[in-house]
Structures are given as structure tokens and as C-alpha cells.
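The values are calculated or read from the model by the stated rules, or taken from the named source; none is laboratory data. Because the structure is predicted, anything quoted here is derived from the model rather than measured. Neighbour counts are summed over all protein chains in view; Cβ atoms, including those assigned to glycine, are modelled from backbone coordinates with ideal geometry. SASA here: full protein model, heavy atoms, side chains in, ligands and nucleic acids out. Shrake-Rupley method; radii C 1.70, N 1.55, O 1.52, S 1.80 Å.
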Amino acid sequence: MKLQQLRYIWEVSRHNLNVSATAQSLYTSQPGISKQIRLLEDELGVEIFARSGKHLTRVTPAGESIIELAGEVLRLADNIKQVSQEHSDERRGNLAIATTHTQARYALPPVIRHFTKRYPDVALHMQQGTPRQIAQMVSDGQADFAICTESLELFQDLVLLPCYRWNRCVLVPRDHPLAQLDTLTLEALAEHPLVTYVFGFTGRSQLDEAFRGKGLSPNVVLTAADADVIKTYVRLGMGVGIVAHMAVDPTDDDDLVALDASHLFASSTTKIGIRRGTFMRGYMYDFLKAFADHLDRELVEAALEAGPRQEEALFDDIELPVR
């Protein structure tokens, strides 16, 4: 049994059993992968993949268990590499972050700027996706940190670190009727077409719950994954925008009025998800500290060592900053 063979079955399962796509991603040949998988199956005496002719059709029950263990072995092998790198050169390495557009555009730039100046020899990789995709990337070992608001709690193998709380604002043109109100209400919002986040993005669930709690049905005419798109369609007159407060730029968005909506919606919490068992390099702790000042090394280590979902108790007495 070779580590390479385990990597092949792991990657094939992640590429929807498409051996050709797996070969391209690993810069190797399709026949080579197929041969190594067959050799592994012969050695183990079981089929990992069921086949129809030359095509893989599904993962067998035995294959599911083998692939899961293969993933653990590959992660441990990666940890061994990380340990050696930490002792050979603690300021050189890689850091992969999976996050949403809102975090990448509005929350992360000053952190990234600070981090790259301090660690110029650490290659930083940023991937964007839906919150569920982001969490999956970290769970699968494709990224080190997942930074988002939604979906992280669905993955039991992730340690969740609360970073900061935030709320929403309502964006309208300066001459809009809502801009003339003394107090913004959900009832007033429900009278206008709304442009906001796709469900599952950036705390959208709290928005829906607030309207539902008042027995209101909001008229959402357009949804988008990022605030910049929402602002574009507010300017086009499509409707009233509801975005994260941090996504409003006083200079770039001075043609719009941002109405505080923190009294209408429950606040949301942005968290960082880390796969349990991840070997943490020194610069990874520094990144966490730069993103959220309360995430010092001692607290992060305690959270990583806690049992599944037990880390939440560590943050009970911490007042999270508001952005």
C-alpha cells in the first residue's frame, strides 16, 4: 500500500469518480491512476469502486470506509510535513483560506496586508464559495481556515472560533421615501421590493426570521451572493438593499443612504472553522490573532483540544467585537 494510491482514491472520490478530471488535477495520466487503484484493490482484496466497463459508477460500502481512512492518513502525512517545516523554517509555508465575497472584500484586506508584510515567504491562497462549499473545503483538507457566518456548524469535524458580531443596514437612494422616516420598521420595509443576499449567505436566515416573526412576507425581487452586486441593483432602482453594515463604504457609496437596521434584525456572528487535528504553524496563530484580537494562542489551542462543540463554552465570557 502506497501513500500515492491512497491519494488517488481520495481525489477520485472528490472528483465525482471522474478519473480523467482527477488526472488533470494531479498532473498525471488517467491510465496510471486506474492501474494504481486496481493494484490497491488487489492488495486489499476488495473493490473500492464499482464499475461498468471501464467507468467507475459508485463507491462500494467497503470503499467508503477505506476512502475515509485514506483521508485521515493523508491529513496525518500533511501534518508530518508541517511539523518538519515548522522546525526547519517557521516563517515559510502555505496558508489556504476559504471565505465568502463579503469577508474577502470588506473584512480581510487589512488582515492580509498585515500578514503578508510580516510573513512575505508564506504563500497565501484564498478561495471563495458558498458557506457550505467553504466549510467542505476545510473539512476535506483543501483549505486551512473557513471564514463565514453560515453553515460551519453543519460539519462536526470543524472547531468553530467566534470572531465578531455584525448586523445589517438598509441601502436606498437619497430621495427614497424610507430615507425620510424617523424610525425604520419591518412593516415599512415590507412595502417595498427588496434586494438582498441569497439564502445561506451572510446571515440571510436572520433576515427571514425577523419578517416571519412579524407575520410579514418580504417582497424579495433579486438576490445575490455579494454586496457589490446588491448595491448595483439598488442604484438601478430594482429595490431596497439589505446588506451587512461592514459592506458600506462611506466614500464609494456616498450616493446611497445607509439606514441602521440593527434594531430590526438579530446580530450575526462570523466564525473561523478549523478542521480538528490540524497541525497549527506559528504564522497560523498570528493570522487568527490579527483577524480577531481575542483569539490568542492559548485560547485557540484550548478550543482545538476540546471535544466536538465543547469549544463554544470557552467563549461564553468573551464579549465579541462588533463591526
(request) Can you check what the net charge comes to around Ser217, using other residues whose Cβ is under 14 Å from the Cβ of Ser217 (Lys, Arg +1; Asp, Glu -1)? (result) -2
(request) Return a single number: how many Lys pairs in the chain, at a sequence separation of 8 or more or on separate chains, have alpha-carbon atoms below 18 angstrom apart. (result) 5
(message) If the elastic network links every pair of Cα atoms under 10 Å, which of Met280, Met126, Met137 fluctuates the most in the Gaussian network model of the chain?
(response) Met126
(request) Could you tell me what percent of the DSSP beta bridges with both partners in the chain are antiparallel, to the nearest 5? (result) 60 percent
(request) Per DSSP H run of n ≥ 4, the term is -39500 (n - 2.57); total these for the chain, divide by its residue number, and report the mean residue ellipticity at 222 nm rounded to 500 deg cm²/dmol. (result) -12000 deg cm²/dmol
(message) Can you order the peptides 218-231, 176-189 by their average number of other Cβ atoms within 10 Å per residue, highest first?
(response) 218-231, 176-189
(request) Obtain the nm distance between the two label points defined at Met238 and Glu319 by a simple spin-label model: each point lies 7 Å from its Cα along the Cα-to-C-beta direction. (result) 4.0 nm
(message) If I take every Cα pair under 8 Å that is 6 or more residues apart in the chain, average their sequence separation and divide by the length, what percent do I get for the relative contact order?
(response) 20 percent
(message) I'd like the carbon and sulfur percentage of the solvent accessible area for the chain, probe radius 1.4 Å, heavy atoms only, ligands and nucleic acids excluded.
(response) 49 percent
(request) May I ask you to list the chymotrypsin sites (Phe, Trp or Tyr not before Pro) in segment 194-290 that are in a DSSP loop and have at most 13 other Cβ atoms within 10 Å of their Cβ? (result) Phe199
(request) Just add up the charged neighbours of Glu43: K/R +1, D/E -1, any other residue whose Cβ is under 15 Å from the Cβ of Glu43. (result) 0
(request) Treat every Asp and Glu Cβ in the chain as -1 and every Lys and Arg Cβ as +1, leave all other atoms uncharged, and give the resulting dipole magnitude about the Cα centre to the nearest 20 debye. (result) 1080 debye
(request) Would you compute, for the Cα atoms of the chain, the largest minus smallest coordinate along each principal axis and list the three values in descending order, in whole Å? (result) 74, 47, 34
(request) Over the chain, give the accessible area per residue in Å² for a 1.4 Å probe, as an integer. (result) 49 Å²
